[in-house]
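See below for the structure under consideration.
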Amino acid sequence: MKEDKPLRIFLAIALPPDIRDLIKDIQEKLKPVLKGIRWVRPEVMHLTLKFFGDVVQGDIVRISDVVTRRVVNNTPMELSIGSPGGFPSLKKPRVLWVGIGGDTQRLAVLQETIENDLEKCGFPREKRSFTPHLTLGRAVSRNGVIPGGEDVFGKTVKSDTGRFDVRELILFESELRPGGAVYKKLAGFPLGRYRIQD
């Protein structure tokens, strides 16, 4: 890898296959009744903790150092599929998502601690507060609103289902292609220890 080649990266939690299947089932129930949505492919879904944008190799080393220090004292946590939501709101959503339940307090503390440390290293803080969620779909029109989202979506998603263990944070590279983004694992940070992806 060339030192000066920027990479588009983010820190996230990967989803196990059974959770991706659950998300796919939710989407399949919504597709016949909600129109004008560009659906996110379940196989590429993840729980984003921090999006960095374009960074160089030296930045990746600094990011890895920060995350390593913060995961070593954290044990695995259990999360689940939470309540339905939307941005900017579920009444007039441009984005439909499902929230995250389970051990969210520990997750939020870990995310905030990493965010604080990264800010001290010169990485800009996210302006919006951390809302753990999985994006299901976005309005096709950039300024469009998804009609009927609140009524239909609220009846389709059951909270506190699909429990899964989080044992690792992952630094992903995102490569934008015509068919959609492709993600490559750059480094894994198992809770309690650290390893570089081969």
Tell me, which residue of the range 47-69 that is crowded, with 17+ Cβ neighbours inside 10 Å, closer than 18 Å to residue 112 by Cα and not polar (S, T, N, Q) is farthest from the chain's Cα centre (by Cα)?
66
Restricting the first residue to the range 161-174 and requiring it to be under 11 Å from residue 102 (Cβ atoms), which pairs with a second residue that is surrounded by 17 or more Cβ atoms within 10 Å (Cβ to Cβ) and of a type in the set (Gly, Ala, Ser) meet a Cβ separation below 7 Å and a spacing of at least six or different chains?
161/80; 162/80; 163/80; 163/102
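Rundown of residues vs (1) at pLDDT below 90; (2) under 12 Å from residue 9 (Cβ atoms); (3) in a loop (DSSP other than H, G, I, E, B); (4) of a type in the set (Asp, Glu), yes/no style:
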position: 19; (1), (2), (3), (4): no, no, no, no
position: 22; (1), (2), (3), (4): no, no, no, no
position: 27; (1), (2), (3), (4): no, no, no, no
position: 32; (1), (2), (3), (4): yes, no, yes, no
position: 35; (1), (2), (3), (4): yes, no, yes, no
position: 50; (1), (2), (3), (4): no, yes, no, no
position: 53; (1), (2), (3), (4): no, yes, no, no
position: 59; (1), (2), (3), (4): no, yes, no, yes
position: 63; (1), (2), (3), (4): no, yes, no, no
Could you check the range 165-198 and list, in sequence order, the residues that are closer than 18 Å to residue 27 by Cβ and modelled with pLDDT of 90 or more?
none
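Starting from residues that are polar (S, T, N, Q) and part of a loop (DSSP other than H, G, I, E, B), keep the ones in the range 92-145 and report whichever is nearest to the chain's Cα centre (by Cα). Show your work before the answer.
The first filter runs over the range 92-145 and keeps only residues polar (S, T, N, Q), leaving 104-105, 111, 113, 116, 129, 131, 135, 141, 143.
Then drop every residue that is not part of a loop (DSSP other than H, G, I, E, B), which leaves 129, 131, 141, 143.
On the way: 129: 14, 131: 10, 141: 22, 143: 22 Å.
Among residues in the range 92-145 that are polar (S, T, N, Q) and part of a loop (DSSP other than H, G, I, E, B), the one nearest to the chain's Cα centre (by Cα) is 131.
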Within the range 22-49, can you find the residues that are in contact with a strand residue (DSSP E or B) (Cβ under 9 Å, 6 or more places away or on another chain) and among the charged types (D, E, K, R)?
31, 38, 41
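The values are calculated or read from the model by the stated rules, or taken from the named source; none is laboratory data. Only a predicted model underlies this, so the values are computations on that prediction, with no experimental measurement involved. Because the Cβ atoms are built from the backbone with ideal geometry, glycine has one as well, and the counts that use them run over all protein chains shown.
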